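Here is the structure we will look at.
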Amino acid sequence: MIIILIHNLKSGGAQKVAINTFNALKKKNIKTKLVVMNPIGELRDELDIKKSNVYFFKNKRSRFFIFKL
């Protein structure tokens, strides 16, 4: 299983690469989970949330994020 962790879904380079990697691995039927620390941003529409393992947390600070896991 592969877990991809990103801070938010704003239109940045790292976020775009993470989402494209997540979608490509899902198409190849590889167990993948996407964990988003703060679910804000324009790239949310590019995820097929209904068929995938995407977890959203409402956390603005990464230092407090580990306690929510």
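Free of Cβ contacts under 8 Å to residues at least 24 places away in the same chain and assigned to a loop (DSSP other than H, G, I, E, B) - does that describe any residue in the range 12-20?
Within the range 12-20 (the criterion being free of Cβ contacts under 8 Å to residues at least 24 places away in the same chain and assigned to a loop (DSSP other than H, G, I, E, B)), the answer is yes, since at least one residue qualifies.
Determine whether the range 47-68 contains at least one residue that is surrounded by fewer than 16 Cβ atoms within 10 Å (Cβ to Cβ), at pLDDT 80 or above, in contact with a Leu (Cβ under 9 Å, 6 or more places away or on another chain) and assigned to a helix (DSSP H, G or I).
no
How many residues does the range 2-38 hold that are touching a Pro at 6+ places or on another chain (Cβ under 9 Å) and either at pLDDT 90 or above or loosely packed, with under 15 Cβ neighbours inside 10 Å (or both)?
Number satisfying all stated conditions: 0.
Mind checking which residues of the range 28-42 are β-branched (V, I, T) and over 18 Å from F56 (Cα atoms)?
Answer for the range 28-42, where residues must be β-branched (V, I, T) and over 18 Å from F56 (Cα atoms): just I30.
The values are calculated or read from the model by the stated rules, or taken from the named source; none is laboratory data. Note that the structure is predicted; figures quoted are calculated from it, not measured. Cβ: placed from backbone, ideal geometry, glycine included. Neighbour counts: every protein chain shown.
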